[in-house]
Amino acid sequence: MIRDETINEIRERVDIVALVGEYVRLKRMGQSFKGLCPFHSEKTPSFHVRQDRRVFHCFGCGASGDAIGFVMRLEGRTFPEAARMLAERAGIEIEHENPTEAANAQRVRAHKDRLYALLDAAAGFYVRQLREHPLGRMAREEYLGRAITDETARAFRLGYAPHSWDALATFLKGQGFEPAEAEEVGLIVPRRGGGGHYDRFRHRLLFPIADPTGRIVAFSGRSLAPPPGEEPRAEGEAGAKYVNSPEGPLYKKGDMLFGLHEGRVSIRREAWAILCEGNFDLLALHQAGLSVAVAPLGTAFTPGQAKLLRRYAERVVLLFDGDAAGRKAVRAAQPLLREVGLATTVVTLPQGEDPDSFLRKEGADALRRLIAAAPGIVEHIIDDSAAACRGDASAKAAAIEALGPLLADVGRDNPAEVPLYLQRLMKRFEIHDPEALRRQLAKGARSAKNTAPRRDAPAETEASRPAPAPEALPAHMPELEVDVVGALLDQPTLLGDPTAKRLEELLTSPDLRAILRAAAQMMDERGRLDGPALLAAVDGLSGRDWLAGRISVAQYEDLHQAESRLAQARARLEKDRIKREMDSVKLGILEAVRRGDEAEAAALLRRRNALVKELGTLG
Ligand SMILES: [Zn+2]
């Protein structure tokens, strides 16, 4: 548990405009900043950030909150994770409720921080070697040959692991890192028999792998042609096309996606991602402006990666190689993507092409057209299965049976889709008897049920993006009251004014009354309005969403204008109040007369006259 005071200090010290500005291009507009919302796709900015109030709000999708809320949403973090990230950034020591727990957490974090620093130093070393080492040009030629520019290489910090047994080990030692630390993150390997270590990556082009927050956690090293004058290497690890960092305290390959850090803002904004296979495919896609591309690292797509991707995207386009392995990967990914609720389409590239080669030959627009026309993953699998049978009857029967479990799954989640798929099956497999088709599918579904373990309950899906904000005001918030409370929020010094105090009694909307009271109290206690605290004070009220938007954009930037609005509104609301009372007094008089209660009728009449007089003084 992080202490409340620490949370408050984080909110206090983090500059929300600087924070948001790292993800969104912001333009100043009066007292607030405006930009394109990172949480939904839009062409004209409706996303506002206010520095003094420390809140953001989007009028397009309704997203709003403070700095911690921003990080939670954008980076897909839990509250404590987001708070910790921001604390580190602002140099705030996190205070825990429990001192021993805190001391342990501190130790673990300090150790991890050292490992992150080591990996970062190693990445810098490899980048320098790419330029400075005599053989670095071989690594450079490797990516230039695939039309990856130096600029893209720099953005992804590509590097060269020198042709040497201990260049990195020596460098890290010079930087004050222990061999044990470098070994822990897999950069050096202990020699078998005898002491000492050697570098894991030698004479390779290196791709650093960042976690979603941008910290390097691993490397992926691609083999290069042997240096001039050397024999080609034998098969085996030393000659493998790719060597990746082993898993360790910072790196679980099944929970990481290459390119997610670089692409996360676009993915979040556009709500979709491209899943490709290779490191070069990923670079080529980003370079072509498709920065929503991510790639699993030297593994089949995992449930952890599906969950991670779902935190950022709603749709995913699979862009695998057109070969047998690629086709198999599509089928393997289908249940994982379905499980987390990612709508999926599949692009089929021409035979023998991968995204990287296709982009070079045909260009980004051609690829975008393929993406736009890509069929859903179930359609794709049906088409692909049918094409593989090449008209052979027994192959068809087996293929349809194999599709049984998939169709059964679809039927459970989205029964309405099933008839469409059945039609497609009949057409692609050239079957004319729907009953025979159903029987064959059911047979496959039954035998799968008997042999396969039951699928786990659907993974809990993360809170999905917010529902669009209603345009209109809540019904119980009259326009005039909304406007005058807004004016007071814009010019909070007026909250101490007797007129503002009186206003609190005149408002008919309970939500606005509560907001006004909370704001006035905050001004009394702190001398200024704090956005997150104010929102927290009225949490649960339906007027909260209105408040979130209202405090992020000022409308009354001029004090006198707000003051005269206040006076005017007060007069109107006083009149409304008097008229309301007069109506009820009138009813009371009629009632008293009907009962024959003359004393009561006379008292009410006096009250009525007083009200008429009061109304007169208001003009
Ligand atoms: Zn938005």
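The values are calculated or read from the model by the stated rules, or taken from the named source; none is laboratory data. Please read all numbers here as calculations on a predicted model, not as lab measurements. Cβ: placed from backbone, ideal geometry, glycine included. Neighbour counts: every protein chain shown.
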Please state which one of Ser552, Ser564, Ser542 is modelled with pLDDT under 90, surrounded by fewer than 19 Cβ atoms within 10 Å (Cβ to Cβ) and among the small types (Gly, Ala, Ser). Ser542
Of the numbered conditions (1) more than 16 Å from Ile216 (Cα to Cα); (2) under 26 Å from the mean Cα position of the chain (by Cα), Ala155 fails exactly one; give the number of that condition. (1)
Pairs returned, first residue in the range 32-43 that is assigned to a loop (DSSP other than H, G, I, E, B) and at pLDDT below 80, second residue that is among the hydrophobic types (A, V, I, L, M, F, W, C) and near the ligand (Cβ under 10 Å from one of its atoms), beta-carbon separation under 9 angstrom, 6 or more apart or interchain, are Glu42/Leu36; Glu42/Cys58; Glu42/Cys61; Lys43/Leu36
Report, by residue number, each residue of the range 39-56 that is crowded, with 20+ Cβ neighbours inside 10 Å and under 20 Å from Ile10 (Cβ atoms). Val49, Arg50, Arg53, Arg54, Val55, Phe56
Condition check: at pLDDT below 90, within 30 Å of Val14 (Cβ to Cβ), basic (Lys, Arg) and surrounded by fewer than 17 Cβ atoms within 10 Å (Cβ to Cβ). Does Arg526 satisfy that? yes
In the range 3-18, how many residues are exposed (fewer than 15 other Cβ atoms within 10 Å of the Cβ) and of a type in the set (A, V, I, L, M, F, W, C)? 1
Any chance Phe59 is surrounded by 17 or more Cβ atoms within 10 Å (Cβ to Cβ) and either over 28 Å from Leu260 (Cβ atoms) or away from the ligand (no atom under 12 Å from the Cβ) (or both): yes
Please count how many residues of the range 38-47 are more than 9 Å from the ligand (Cβ to nearest atom) and either of a type in the set (D, E, K, R) or touching a strand residue (DSSP E or B) at 6+ places or on another chain (Cβ under 6 Å) (or both). 2
Can you give me the number of residues within the range 356-386 that are surrounded by fewer than 20 Cβ atoms within 10 Å (Cβ to Cβ) and in a helix (DSSP H, G or I)? 15
Would you confirm whether or not the range 556-570 contains a residue that is closer than 15 Å to Val485 by Cα and under 35 Å from the mean Cα position of the chain (by Cα)? yes
Candidates Gly21, Gly35, Gly65 - the one that is more than 16 Å from the ligand (Cβ to nearest atom), small (Gly, Ala, Ser) and within 22 Å of Arg89 (Cβ to Cβ): Gly21
Which ones in the range 276-285 are in contact with an Asp or Glu (Cβ under 7 Å, 6 or more places away or on another chain) and farther than 14 Å from Tyr143 by Cα? Glu277
Out of Arg572, Arg565, Arg608, Arg577, which single residue is in contact (Cβ under 8 Å) with a residue 60 or more places away in the chain, part of a helix (DSSP H, G or I) and over 22 Å from Pro492 (Cβ atoms)? Arg577
Any strands (runs of 3 or more DSSP E) falling wholly within the range 242-355 and containing at least 1 residues that are touching a helix residue (DSSP H, G or I) at 6+ places or on another chain (Cβ under 6 Å) and closer than 25 Å to Ala123 by Cα: 272-276
Return yes or no: is Arg77 away from the ligand (no atom under 16 Å from the Cβ), within 18 Å of Leu534 (Cβ to Cβ) and in a loop (DSSP other than H, G, I, E, B)? no
Filter result for the condition that a residue is touching an Asp or Glu at 6+ places or on another chain (Cβ under 7 Å) and away from the ligand (no atom under 13 Å from the Cβ), over Arg50, Arg28, Arg11: Arg11
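Listed here are the residues, each with its yes/no results for (1) of a type in the set (D, E, K, R); (2) part of a helix (DSSP H, G or I); (3) closer than 22 Å to Asp497 by Cβ.
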| site | (1), (2), (3) |
| --- | --- |
| Glu525 | yes, yes, yes |
| Pro532 | no, yes, no |
| Ala536 | no, yes, no |
| Asp539 | yes, no, no |
| Ser542 | no, no, no |
| Asp545 | yes, yes, no |
| Ala554 | no, no, yes |
